[in-house]
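Here the structure is laid out as structure tokens; the discussion comes afterwards.
Taken together, the values in this text are just the output of simple stated rules run on the coordinates, not laboratory data. The structure displayed is predicted, hence computed values, not measured ones. Cβ coordinates were reconstructed from backbone atoms using ideal geometry, including for glycine residues, and neighbour counts include every protein chain displayed.
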Amino acid sequence: MDFKNIVSKQLLLDAEIKKVHQQKNENYNNQLLIALFVEVGELANEIQSFKYWKKSKNINNEKLLEEYADGIHFLISFALKHKCKLNIEPKIISQDINVQFLKVFNLINKMSKRTSKCIIEKTIAVYLGIAKLLEISDEQIENAYFLKNQINFERIKNNY
């Protein structure tokens, strides 16, 4: 996926958040890592594939796309901060979506120990693999991202 359309919006959003919230760089990596764990967890919760105890799994596709876009938001922020390449192909580790999620969590954990361009890019690739497994198109990812980006700017404007 080529993120060039998303990057310009993300740069503006990150700059506005930093300005409004007077964000300090010393905690930024840790905050991004926790945000990534939480957002990927929220996506997994929306998909419900790990909920072996649940018979009825009604998935709200709109909410699923919003959660996916939240993950993109934080991954792109991380990639921009570390000057990663952003023309990344999806990587499917397994046809089992739960294995794919576990790999993303594992990579985020690796990022917490050693942040490198390689690990960030691989994390994005495996996260994009989740979209492929869910049959989410690049266009759907972009549309969901742009919608959420507008919401985020509205939140800033309204002192969220």
- Note on the structure: Scan of the chain for trypsin sites (Lys or Arg not before Pro) in DSSP loops with at most 16 other beta-carbon atoms within 10 Å gives a longest site-free stretch of 115-160
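Based solely on its DSSP helices, what 222 nm [θ] is calculated for the chain when runs of n ≥ 4 H residues each add -39,500 (n - 2.57) and the sum is averaged over all residues, nearest 500 deg cm²/dmol?
The helix-only estimate for the chain comes to -24000 deg cm²/dmol at 222 nm.
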- In whole percent, what relative contact order does the chain give with Cα contacts below 8 Å and a gap of six or more residues? 31 percent
- Query: Among V126, V99, which comes first, second and so on when ranked by fewest other beta-carbon atoms within 10 Å?
  - Reply: V99, V126
- Task: Could you work out how far the C-alpha centroid of the stretch 4-82 sits from that of the stretch 102-119, in angstrom?
- Result: 15 Å
- Item | Residue pairs, from the table K19/K51; K55/K148; K9/K122; K9/K55; K83/K103; K51/K81, whose Cα atoms sit over 29 Å apart | K19/K51; K55/K148; K9/K55; K51/K81
- Would you mind ranking D2, D138 so that the residue whose beta carbon has the fewest other beta carbons within 10 Å leads the list? D2, D138
- Query: For the chain, what are the DSSP H helices with axial Cα length of 18 Å or more and mean Kyte-Doolittle hydropathy of at least 0.0?
  - Reply: 28-47, 61-81, 97-113, 117-133
